[in-house]
Each structure stands twice: as C-alpha cells, then as structure tokens.
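Structure, as structure tokens:
The values are calculated or read from the model by the stated rules, or taken from the named source; none is laboratory data. As the structure is a prediction and not an experimental result, all values here were calculated from the model. Backbone-built Cβ (ideal geometry, glycine too); neighbour counts: all protein chains shown. For accessibility, only protein heavy atoms count, side chains too; no ligands or nucleic acids. Shrake-Rupley method; radii C 1.70, N 1.55, O 1.52, S 1.80 Å.
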Amino acid sequence: MSRILKIAIPVHVRKIFDYLPPPDCDVEKLQPGMRVQVSFARREAIGILVEVVSSSAVPLHKIKSATKIIDNESLFSNDIWQLAVWAAEYYHFPLGEVLFAALPTLLRQGKFPKEEKIKEDVVVALFSPHVLNEEQKNAFHEIQSAMNQFKIFLLAGVTGSGKTEVYLQAIAEFLKNKKQVLVLVPEIGLTPQTIQRFQERFSEKIIALHSGLTEKQRLNAWALAKSGEAKIVIGTRSAIFTPFPDLGLIVIDEEHDLSFKQQEGFRYHARDLAIKRAQQNQIPIVLGSATPSLETLNNVKQNRYHELNLSVRAGAASLPVFQILDIRNLILEEGLSQPLLTEMKMHLEAGNQVMLFLNRRGFAPVLMCHACGWIAMCKRCDARMTYHHRVNQLRCHHCESIKKIPQKCEACNYSELHPIGLGTEKLEMILEKYFPEYSIARLDRDTVKKKGKIEELLDGIQSGKHQILIGTQMLAKGHHFPNVTLVAIIDADGGFFSADFRALERMGQLLLQVAGRAGRVEKPGKVLLQTRQPEHPLLHELLNKNYSFFANTLLKEREQAILPPFIHFVLLRAEAHQNDHVMNFLEQIKNAISKISSGIKILGPIPSPMQKRAGFFRGQLLLQSKQRAVLQNFLRNAVPQIELLSEKKRVRWSLDVDPVEMF
Ligand code: ADP
Ligand code: ZN
Ligand code: ZN
C-alpha cells in the first residue's frame, strides 16, 4: 500500500500538496502538525503535515519525495489544530497560511526553541487585591463559578468601574486551580500599565507578548506557554494561537476594539476565534468593555452571552460631567473656543492635567491654493495629502507617499498655498503660544514612531512633567491618568457625516472612551465637547442617558435597515492597476456565481468607497445573507469557481468574512 503525505504549504493557493515520505521515514510515527521540508516550485520550503493517506489523484511516479521530517511530534495542540482548520474553512483562506500564522516566525523557518531569557520587570512588592464592591463581587462570583464550563460573559462596566480588578481576582481563582489564562488586549505597547498591574499581583510566570520582544524571545514565550510553565499570557490578537496545556479562562479586554480584526491577508477576528476556542475547551470567556460592540450586545439580547454589569466607578471616583459646547457662531481661535480656553486655564492653574482629543494627526488635513482653490491630492490615492509642518512635507495617510511642500499651485502657478483645518501638530503649536508656562505631551503616530518614545511620554504624563496632553485615539486606550480632570473633544462631529454604517457606533465608543480618562480618582472630572450639532438626539442619548441606551437605538436602526448584526456580510475585494480589469473580473464572478446564489443577495460590482489607493483601482462585491450557514455553504461552492476564472490573473482579490471596514 502506498503512503502519501498531505502537506499544507504557506502559499496563497487553496490546495494541499501530495508528497511521498522521505526514504528513511517511519510512517507510523508521523503525526499531523509536524513540519516537513519539501522541494516546492524549485526551492526548499517548509510545510505542515496534514494527514497520511493511501491514494492520490496524481499518478504515483509524478509525486516527489519529501526532503525530511523536521519534528518528532506535532507542533500543534489538538485545540489549536482544530481552531486553525475551522478558521481556514470559515475565512476561506488557505490552510497552509493559516497554520503558519499560528506559529512563531522562527518555527516557520524550521528552527527550534532554545532557552532565551525574557527580561522580566523587577516588581516592588506584590499588591494585595481591592475589596470588591457589590457589582464587582457578583461578576467575580459568576466568572469563577463557570470554571470548566463554556460560558460567554460580557463584562459591561463604565470606564474606571474596576473591570481589570475583576479580571485579576477571577484569574487568581483559576491559577489556584492550576489553570492557565489568556488575556487579549488591543495594543499592548500603548498600555504598559496594564501589564504592570498583572505583574504586581501575581508571583506566577506572566508573559507579555509585546512588540519589543525579539523573535527568539517570542519563540521562547511560545515554548513556556506550551509547557505550562507560563501561567498567564497577555498579548494582542495573534496571541489567540498560543498553545496551553491547561487553558482555563480567556479574557478579552476592550472587546469592541477594531484591532482584534486582522485587516489584511488572513482576515480573522481574534474575538470570534477566542469564543470558538473557549467552546472547544469548554471554558469560560470574558469580553470586557465600557462600550461593547453592537454585535456583542445583540448576542446578549439573544441570550447567547451573559451580561455582567458594573454601573459605577470603583473606589472614590465618580463618572465625569459632560458639557456640550455649542460652537456655532462662536469665534474660534484655530478651532478652539474661548470657553474651552478659559476652562483649560482653570484646571491647569489648579495643578491638574488637561487632555485634548483630536483624531487627526499632522498640521492640517488640506493644503489649498488661495487663488483657485486647488487642493494637493495624493497621486496614488483618492485622498488629500496632509500637511506636516515640522518636517516640511505633504504626506498621504493612506499609502505613506511623501512629497516636499510645493512652492506653487499646480493648477494656476500662484504661490500662496494655505493649510486649512486643524491637526494635532498645529494644535500643539497653538497651545504652546497660549500656555507657554506648561509642558505639552503629544501622542500620535508621528510622535511615538521612535522606540521607547511612547513609554517616555506616558511616564512624563504619570510623573506630572507634562500638564497638557494632546492626542489622537491613542490617548483613548485604557490609560489611567489620575491627575486628568478635564478632557476636551475638539471636534465631536466627525462621525455624523460618514458614509460607513458603523460610523456612529464608532463615534459613540470613541467619545466615551476619551471621556473616560477624566476624573479617575477622587478629583471630579469634566468633559467638554465642541460641536456644531448640539441638538443631535444620539449625542444626547450618549451623554445624558448611557451607552446602552445609545447602542440600543443604533441596534434598532440596524435592524430596520437590515444591516449587521441582523444580516451577515462577506466582502469580495479586487484591485488592479487598470480599473476595467477590476470591474471585468467582478462581473465575471457575478455571472459565474449567480446560478448557485439562492438565498444570497449580491450587491455590486461597485467601485470601493476609496476607489484608488496606493496606485491600485479597487472594486467590490458585497455578498449578504441572513443565515451564516447559507453564506458559508455558498462560498464553499463559489470559491473554486472563482479560482477558475480567466480574468483572475489580472487582479488581486480577497474575501473578507464579517468585514469591519467597508472600504
Ligand atoms: P476599568 O478596567 O474598568 O477601567 P480598573 O480596574 O482599572 O477599571 O479600576 C479603576 C481604578 O479603580 C484603578 O485604579 C483600580 O485600582 C481602582 N479600583 C478597582 N476596583 C476597586 C475597588 N473595589 N475599590 C477601590 N478601588 C478600586
Ligand atoms: Zn491655484
Ligand atoms: Zn496615497
């Protein structure tokens, strides 16, 4: 009987490849999940053994022998193997690429773990837990009593309500029972405080998978988790693939955060995979947020998730007071109103810190000709270039193109070009002028590029070196700055005008998260919102009622408009240097699949909302169904047909299952 090895290779082809065992191989000892070296497309490649079978569709004499078996045992635990297989099917992505995405880089290159010490932060002393309030106690109790059961919790707690404290105390119970815990967080580099709080609480081995680790340390972290030595692993979305022999609990902090969805290549959602993994292992999972996603809230309504509520701030802190600043008809000094400047002065003179939120980096979003109105556009994108003053450049925030500031208008040759609108860089310069006696910290992608810079800025804020904090949404992420008493939102109107159906949800989440930085200890906090829509009913629901009221209104609107989560989307994107290649391909797909698409609504082909990006023309087909299973079934039949289309070779195309961005 012949033995054929089915091997997944990390290439973008939806296919498993056949090889014969290497000459000296003991086939009985092979396990799925071992690495195998093979020659592939005239080079040596590493693949993963998927299974051993006894026949092949390829004639035997045409099948090559594998070069060698690399491992003595599978690199994948049973649950991660199942998770990867499930993800490859659900996201319709090649299994080889999915399996590789689940491994540390050095394993993908054929290397082995070696002892490589991860620098452990020196902890002062271990801190003892807080005495929980009634709501915290209840949440803690429910989570702890779900040990060894699959149960999905939403820990919905206002900002500063002590969600992290609940995780910490629940985790302690799981550790006592010899279990390991996985904690997923949005952007680990932005919240060194969170990791520190874990380290100050537990004497067990904790691993933080942050971007400062070398590949060797990453591999070692993987090995420590796999051996059971590491008890807690904290990481961003890819940490969902960390192996654990005794996983007991998964926590997803800020579950609404977009960074849990990978936006290119293997477009998985770490939250959804985490739920799958919890189910496979029959363990509880806690999704925490002050501003849960509408998907999650809908799942609570359907009784699929169990909600735990923390309605007040922990300890002596209270929620900040909101004040809407109607800036219609007010004289604005570069975007700042007089009442805002006066309020800032008061808080600063009282020795407190003030935070200003503006979600636009650079000096100004537009550079315009004073004579003819020409606007500097990116040559490669349908987008304006942003004016950056200090580096004297125009930059495209979509494709990273950089240009010197032109001296003359490209349309009329006039030499007076004006920056229009306000970005964080300009805001900083204006405030330096207004408040020369105070130090300003600006946090945005431009100021934290250098390694170590973000820690330096955050330390400077904690120590009180800076009094005025300016930033983009980076400032909104989970920070605990005890001395911030005033938060100002410079422009609260952005979300009202977007074409994206999720814009209002995002705006509400962002506003509350930013506001949540104010008044986090005894000192009361205040939040000022500059707006030209002071009567907007949703703004009032958000500020005067609460997030869940606001979210419920949005959910009702989604239900009426039949939008997610009341329908399921798959976005098929295509791009090419020529627009007609894109549109022809999408047309061809539509024709090919319309016969098998009963129960599926197909929208398009249409150009993407940003039609040109980084030199590519882009278009899309939106596939929709009220039933996930119908959509999945359809894709299983449709994808092989798409692979056969003649126009395919002229485009790049991808599938995005449950997309969170529509462009
Ligand atoms: P969240 O994760 O909801 O933003 P945290 O857990 O960070 O909230 O708690 C906010 C602050 O309140 C932290 O400084 C924390 O130490 C403190 N805190 C949490 N729970 C309690 C409690 N039961 N009693 C006193 N202080 C608490
Ligand atoms: Zn001009
Ligand atoms: Zn561009």
Rounded to two decimals, the Rg over Rh value of the stretch 216-352 from Cα coordinates and the Kirkwood Rh reads 1.14
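What is the sum of charges around F140, taking Lys and Arg as +1, Asp and Glu as -1, for the other residues whose C-beta is under 13 Å from the C-beta of F140?
Result for the local shell: -3.
Under the Kirkwood approximation applied to all pairs of distinct alpha-carbon atoms, what is the hydrodynamic radius of the stretch 400-479 in Å?
Details: mean 1/r = 0.0666 Å⁻¹.
Computed over Cα pairs of the stretch 400-479, the Kirkwood hydrodynamic radius comes out at 15.0 Å.
How high is the relative contact order of the stretch 218-275, given as a whole-number percent (alpha carbon pairs under 8 Å, six or more residues apart)?
29 percent.
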Reported to the nearest 10 Å², V27 has, with a 1.4 Å probe, an accessible area equal to 30 Å²
Heavy-atom accessible area of I402, protein chains in place, probe 1.4 angstrom, given in Å² to nearest 10, is 100 Å²
Ordering Y414, Y167 by the accessible surface of their heavy atoms, 1.4 Å probe, largest first, yields Y414, Y167
By accessible area (1.4 Å), largest first, M34, M662 order as M662, M34
Here the averaged projected area of the stretch 134-310, based on the convex hull of its alpha-carbon atoms and given in nm², is 9.8 nm²
With 0.36 nm assigned to each residue of separation and the Cα-Cα distance removed, H12 to F549 gains 188.9 nm
Mean projected area (nm²) from the convex hull of Cα positions in the chain is 32.6 nm²
Sorted largest first, the C-alpha extents of the stretch 564-656 along its principal axes in whole angstrom are 36, 28, 15
Largest-first ranking of K163, K29, K648 by accessible area, probe 1.4 Å, whole protein assembly kept, is K29, K648, K163
Rounded to the nearest 10 Å², the 1.4 Å probe accessible area of F549 is 90 Å²
Averaged per residue, the 1.4 Å probe accessible area of the stretch 568-657, protein heavy atoms only, in Å², is roughly 47 Å²
Toy charge model, Lys and Arg Cβ at +1, Asp and Glu Cβ at -1: the chain dipole around Cα centroid in debye, rounded to 20, equals 1680 debye
Computed from the beta carbon distance with a Förster radius of 51 Å, FRET efficiency for E229 and L603 to the nearest 0.05 stands at 0.50
Residue span E410 to F501: 0.36 nm per residue of separation minus Cα-Cα distance leaves a gain in nm of 29.2 nm
In nanometres, the difference between 0.36 nm per residue of separation and the alpha-carbon distance of K114 and E215 is 35.2 nm
